[in-house]
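The values are calculated or read from the model by the stated rules, or taken from the named source; none is laboratory data. Remember, it's a predicted structure, so these values are computed and weren't measured experimentally. Here the Cβ positions follow ideal geometry from the backbone for every residue, glycine too, while neighbour counts run over all protein chains shown. These accessible areas exclude ligands, DNA and RNA; they are computed on the full protein's heavy atoms, side chains included. Shrake-Rupley method; radii C 1.70, N 1.55, O 1.52, S 1.80 Å.
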Amino acid sequence: MKSNPLKITEKEFKELEELIEKDAQFRKQLAKESHFWFFYTYFSHYITYKPAHFHKEMFALTEDDDVRLAVIVAFRGSGKSTIMSLSYPIWAILGKQQRKYPLLVAQTQPQARQLLGNIKSEFENNKLLISDFGPFEEFADEWRSETLVLPKYGARISAISSGENVRGIRHKQTRPDLIVCDDVEDSNSVRFRENRDRTYNWFVGDIIPAGDLKTKIVVVGNLLHEDALINRLQSDIVNNERTGEFKAYPLVDAGGKTLWPDKFQNKDAIEKEKAVVGESALWEREYLLRIVPTADVLVRRDWIRKYNSLPNKSEELPHLAIAAVDLAISQKDSADFTAMVSAYIYGFGEDMRVYLLPHMVNKRLQFPDTCKEVQNLAKQIQIGSRRPLILVEHAGYQEALTHQLKLKGLRVEGRKVAGRDKRERLSLVTDYIQSGKVLFPKRGADLLIQQLTGFGIERHDDLADAFSILMNKIIESDSNSSGGLIIGLRNPIFNPRELGEGPVGFGNIRDKVF
């Protein structure tokens, strides 16, 4: 008789239910072989509705030893945490995988203790589980809020919070062989890029190396931010930069069908749930798995258009290379960065296109180092013998930089931005992003895009400021050819088509804007 829940018929399902109830030996063997049947048998008190197909897919992911990394996003109330953080660590020890050291990771210590407490409760109170697989002895010195030890199975389950040091942790000779990360971020922690970077770097630098060659890692949660850990891992997997499986389960699929028909039988049931949730943005994010920009967002991510290479037709040569410098004065850790953004300008008026270049600078620099960085950037983006135009924001000591760069032979223009705040300056150029007149390189512009789409939320906005300086100059000069920007180059020495040899250095790849 087949037992695969993804292929089993309704009749076979009923027959298995009868055997599970009557034959203890059969029940135990089936539960060891199948996480789904283990859950269905011993965790029936969590089943209030008939499991859906996507539940069976999640169980299949836990059973597949070839999947070393599984990243799962599912709508709120889908049961993902019950399956992955409660049932799976227990089955991984008691079932055929015979794992010895599951490690649970939550965002905070109280949440980590709660995950472990839920497991402990099953070991102490689940009568059928105890009868078939117990006893689960309790030793006061080893059953604590952060760890449980199962001597009968030679296993340990531990729980930690996000960011904790896990280097070198072991149970006897075993490193963590199953790691489940459950909601390690929240809406507050993902607000600032420094926090998102810290979590991602901790995951790839500490969590992944904490295991061994056979360790399985499962990450579950909801979509909180387009740059949060789950989204970064999704991008890594989709772009083949990391091996793994990414699964997203919204309450309603692309065709408008509910993913859990037994719980949400029709549109009316879904609308009732939506009314309970109330806030539309929360519904979109937590149930439909869409990150909806707030009303005060200046630049939406879906406006961003990227290119692989520059235009490769001889009649489409750039008529200007231009860069903007936003200077920071303080060197303190909390201070802003000196930022530099550069671009090639093609065409005029309605046909104008601004190709941002990947040579972006975002560093804390002292005055001499700033001069060197600007000189280096000017060399990288220079078109033949024609010098690029360098824009430097003028305020205080920054005029000294303009003077110094001119002495170095650079073509520099000071830009006074007093009278307009940062948000106003950026708002004046967003139409050019939305209309596709501004194109971003496929690689090298992630931080700029993050600052633009998160403007007003991200802690730093230096690249966005440099971008505003650059675009405001381009816009005002393109509308007035006497502004000194328009330089028509008929026969420049540098041919941008020669990308493998030229200063942009993208490599010889076909032009594609998407």
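Below, the figures for the structure above:
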| quantity | calculated |
| --- | --- |
| All positions within the range 218-240 that are modelled with pLDDT of 90 or more and not in a helix (DSSP H, G or I) | 218, 219, 220, 221, 228, 240 |
| Residue 310 outside any loop (DSSP other than H, G, I, E, B) and of a type in the set (A, V, I, L, M) | no |
| Filtered residues of the range 67-90 (kept if under 18 Å from residue 234 (Cα atoms), open to solvent by less than 30 Å² (accessible area, probe 1.4 Å) and assigned to a loop (DSSP other than H, G, I, E, B)) | 67, 75 |
| Tally, over the range 37-51, of residues that are under 28 Å from residue 229 (Cβ atoms) and either at pLDDT 95 or above or in contact with a Ser or Thr (Cβ under 7 Å, 6 or more places away or on another chain) (or both) | 3 |
| Residue, nearest to residue 402 (Cα to Cα), within the range 357-373, restricted to residues that are open to solvent by 50 Å² or more (accessible area, probe 1.4 Å) and touching a residue at least 12 places away in the same chain (Cβ under 8 Å) | 367 |
| Answer residue from the range 249-272, given it is surrounded by 15 or more Cβ atoms within 10 Å (Cβ to Cβ) and not in a loop (DSSP other than H, G, I, E, B) and is farthest from the chain's Cα centre (by Cα) among those | 270 |
| Residue 64, sole failed condition from (1) closer than 27 Å to residue 5 by Cα; (2) surrounded by 15 or more Cβ atoms within 10 Å (Cβ to Cβ); (3) modelled with pLDDT of 95 or more; (4) not polar (S, T, N, Q) | (2) |
| Pairs, first closer than 24 Å to residue 228 by Cβ in the range 153-168, second part of a loop (DSSP other than H, G, I, E, B) and among the aliphatic types (A, V, I, L, M), C-beta under 9 Å, six or more apart | 160/166; 160/169; 161/184; 162/184; 163/184 |
| All positions within the range 91-104 that are under 29 Å from the mean Cα position of the chain (by Cα) and among the aliphatic types (A, V, I, L, M) | 92, 103, 104 |
| Filter result (open to solvent by 50 Å² or more (accessible area, probe 1.4 Å), in a loop (DSSP other than H, G, I, E, B) and among the aromatic types (Phe, Trp, Tyr)) within the range 8-50 | 49 |
| Complete set of residues in the range 358-369 that are under 13 Å from residue 463 (Cα atoms) and touching a helix residue (DSSP H, G or I) at 6+ places or on another chain (Cβ under 8 Å) | 359, 360, 361, 362, 363 |
| Condition check for residue 169: over 28 Å from residue 31 (Cα atoms) and out of contact with any helix residue (DSSP H, G or I) (no Cβ under 9 Å at 6 or more places or on another chain) | no |
| Residue match in the range 91-102 (condition: touching a Gly at 6+ places or on another chain (Cβ under 8 Å), closer than 25 Å to residue 203 by Cβ and in a loop (DSSP other than H, G, I, E, B)) | yes |
| Selection status of residue 107, under 24 Å from the mean Cα position of the chain (by Cα), open to solvent by 10 Å² or more (accessible area, probe 1.4 Å) and either hydroxyl-bearing (Ser, Thr, Tyr) or closer than 19 Å to residue 233 by Cα (or both) | yes |
| Whichever residue in the range 273-312 is of a type in the set (Phe, Trp, Tyr) and in contact (Cβ under 8 Å) with a residue 24 or more places away in the chain and, among such residues, is most open to solvent (accessible area, probe 1.4 Å) | 303 |
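Results for (1) touching a Ser or Thr at 6+ places or on another chain (Cβ under 8 Å); (2) over 30 Å from residue 49 (Cβ atoms), shown as yes or no for each residue.
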site: 232; (1), (2): no, yes
site: 287; (1), (2): no, no
site: 308; (1), (2): no, yes
site: 321; (1), (2): yes, yes
site: 327; (1), (2): yes, yes
